[in-house]
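A.B. asks: Input: one structure, supplied below.
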Amino acid sequence: MTYLDKRYAVPGTPPGELTSHAEPAAPPRLHLVEYSETFWFESEHASVAECAGFIAAPTHTWIHVQGAASPEVLRELGTAFGIHALALEDILHTGQRPKLETFGGPMFVVLSLPHWRNARAVTEQVSLFFDERVLVSFYAGESDPFAPVRKRLRDGAGNVRTHASDFLFHSLIDLVIDQGFPILDECAAWIEQLEEKLMDKPRVEVLRDLHQLRRDVVLLRRMLWPQRDIVNNLLRDAHPLIHADTRLYLRDCYDHAVQVIEILESFRETTASLMELYLSSTSNRLNEVMRVLTIIATLFIPPTFVVGVYGMNFDHMPELHWEYGYALAWLVIVAMVGGLLYYFKRNDWM
């Protein structure tokens, strides 16, 4: 993983100019949904012209663009649906910070969808363009994240089909925000495993996993924090496209966004505490090893002194030719070592 995961235009490019470093491998797929309380039409592989033909219809139009779009495709979509050039630039150059912008009447929202990839937390950009007659969503990932919302629409479950299209706009935002909770569950399980490993035996591998988790939490916090401000802006400001009954549900969406941020904040503090716990455990373990080695070295000092004195082999030294001198030397050594062990044990040094 790189620290910078953002596509950008060549410095000096005019604002709104659609230039890409590489062309997408395959053209995006347009999923058209036309609905009302009593009407349903769906086309999984629609063309831009087919989608544009439904804009003037009295029903609600939702167009989901699945896959990375080339500058040519984005220009065609922008012309058909009235998407501002600056919004198209943000759609093309993914990795944008979540934000809410209004271009006269329409609204443009950039969100970060978190998920796990190869045991790593990553975020991918979701872009929503919402006008009075049409809602266009963009996602460059592999799988369609809005399939559950589309199933609810198709089955007529919930309140989506009985409300205006702003309720669908809220439903998509709510899905992206709620996607943070499964990621937080994974982080919580990971933190619990690391705590157990740190309390058992702190190893370098645990420190590596802990550092990776800390990076993931920082990434999620940086990309998910602005989404709370987006929902708060929708609640605070009077947007003509957002009706009063939808604001009621946006308040619940705002609560979820706050919960995600609060849990991430607690995880960030927990990972910092785990880092301190690792350093403390490593230091304590080193102290234990040094204490054992010090005790062993101390036990060998008196025998070394006795053996060193009688190893000089000078003439006229007492006890050199004594019959019981060797046994007495061992007795003295054992007594000294035993006395030291008793002293260490009595003072809780071992």
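A.B. asks: Can you run down the residue pairs with Cβ atoms below 9 Å, 6 or more apart or on separate chains, where the first is in region 229-244 and not assigned by TED's automatic domain parsing to the domain that holds residue 107 and the partner is hydrophobic (A, V, I, L, M, F, W, C) and assigned to a loop (DSSP other than H, G, I, E, B)?
C.D. replies: Pairs found: 234/242; 235/242; 241/164; 243/164.
A.B. asks: Looking at (1) within 58 Å of the chain's Cα centre (by Cα); (2) aromatic (Phe, Trp, Tyr); (3) over 30 Å from residue 198 (Cβ atoms), find the lone condition where residue 267 falls short.
C.D. replies: Condition not satisfied by residue 267: (3).
A.B. asks: Also, I was wondering about something else. From the list 33, 65, which one is more than 30 Å from the chain's Cα centre (by Cα) and modelled with pLDDT of 90 or more? Steps first, please.
C.D. replies: Details: 65 fails: more than 30 Å from the chain's Cα centre (by Cα).
So the residue among 33, 65 that is more than 30 Å from the chain's Cα centre (by Cα) and modelled with pLDDT of 90 or more is 33.
A.B. asks: Still on this structure, I have one more. Of the residues that make up region 288-308, is at least one closer than 22 Å to residue 181 by Cα, of a type outside the set (A, V, I, L, M, F, W, C) and either touching a residue at least 24 places away in the same chain (Cβ under 8 Å) or surrounded by 15 or more Cβ atoms within 10 Å (Cβ to Cβ) (or both)?
C.D. replies: Keep residues of region 288-308 that are closer than 22 Å to residue 181 by Cα, which gives none.
Among the residues of region 288-308, not one is closer than 22 Å to residue 181 by Cα, of a type outside the set (A, V, I, L, M, F, W, C) and either touching a residue at least 24 places away in the same chain (Cβ under 8 Å) or surrounded by 15 or more Cβ atoms within 10 Å (Cβ to Cβ) (or both), which makes the answer no.
A.B. asks: Right, another one. Which residues, taken from region 42-74, are outside any helix (DSSP H, G or I), closer than 16 Å to residue 27 by Cα and not β-branched (Val, Ile, Thr)? Before you say what the answer is, go through the steps one by one.
C.D. replies: Of region 42-74, the ones outside any helix (DSSP H, G or I) are 42-47, 53-70.
Then drop every residue that is not closer than 16 Å to residue 27 by Cα, which leaves 44-47, 63-70.
Within region 42-74, 44, 45, 46, 47, 64, 66, 67, 68, 69, 70 meet the criteria.
A.B. asks: Still on this model: Scan region 51-62 for residues that are more than 30 Å from the chain's Cα centre (by Cα) and crowded, with 22+ Cβ neighbours inside 10 Å and jot them down.
C.D. replies: 51, 60, 61
A.B. asks: A follow-up question, please. Can you tell me which residue among 117, 161, 150 is under 22 Å from the mean Cα position of the chain (by Cα) and basic (Lys, Arg)? Give the steps one after another, and end with the answer.
C.D. replies: Values: 161 fails: under 22 Å from the mean Cα position of the chain (by Cα); 150 fails: under 22 Å from the mean Cα position of the chain (by Cα).
Answer to the selection: 117.
A.B. asks: For region 310-349: of the residues being surrounded by fewer than 11 Cβ atoms within 10 Å (Cβ to Cβ) and of a type in the set (A, V, I, L, M), which is modelled with the highest pLDDT?
C.D. replies: Taking the candidates together, the pick is 327.
A.B. asks: Here is a further query. Which of the residues belonging to region 223-253 are surrounded by 17 or more Cβ atoms within 10 Å (Cβ to Cβ) and not in a helix (DSSP H, G or I)?
C.D. replies: Those that are surrounded by 17 or more Cβ atoms within 10 Å (Cβ to Cβ) and not in a helix (DSSP H, G or I): 239, 241, 242.
A.B. asks: Of the residues in region 100-113, how many are over 16 Å from residue 137 (Cβ atoms) and in contact with a helix residue (DSSP H, G or I) (Cβ under 9 Å, 6 or more places away or on another chain)?
C.D. replies: We begin by selecting, within region 100-113, every residue over 16 Å from residue 137 (Cβ atoms); these are 102-105.
Still in the list and also in contact with a helix residue (DSSP H, G or I) (Cβ under 9 Å, 6 or more places away or on another chain): 103.
Total satisfying the criteria: 1.
A.B. asks: Restricting to region 75-106, what's the tally of residues that are farther than 25 Å from residue 221 by Cα, without any contact (Cβ under 8 Å) to a residue 24 or more places away in the chain and outside any loop (DSSP other than H, G, I, E, B)?
C.D. replies: 2
A.B. asks: Those residues that are within 49 Å of the chain's Cα centre (by Cα) and either at positive phi or among the hydroxyl-bearing types (Ser, Thr, Tyr) (or both), I need them from region 277-310; list them, please.
C.D. replies: Correct list: 278, 280, 281, 282, 283, 294.
A.B. asks: Closer than 18 Å to residue 180 by Cβ, in contact with a strand residue (DSSP E or B) (Cβ under 7 Å, 6 or more places away or on another chain) and not aromatic (Phe, Trp, Tyr), is that true of residue 261?
C.D. replies: On the way: closer than 18 Å to residue 180 by Cβ: yes; in contact with a strand residue (DSSP E or B) (Cβ under 7 Å, 6 or more places away or on another chain): no; not aromatic (Phe, Trp, Tyr): yes.
Taking the combined requirement at face value, the residue does not satisfy it.
A.B. asks: To continue, here is another question. Out of all the residues in region 25-49, which are more than 15 Å from residue 59 (Cα to Cα) and of a type in the set (A, V, I, L, M)?
C.D. replies: 25, 26, 30, 46, 48, 49
The values are calculated or read from the model by the stated rules, or taken from the named source; none is laboratory data. Note that the coordinates shown come from a computational prediction; the quantities given were computed from them, not determined experimentally. Here Cβ is always computed from backbone atoms with ideal geometry, including for glycine, and neighbour counts include all displayed protein chains.
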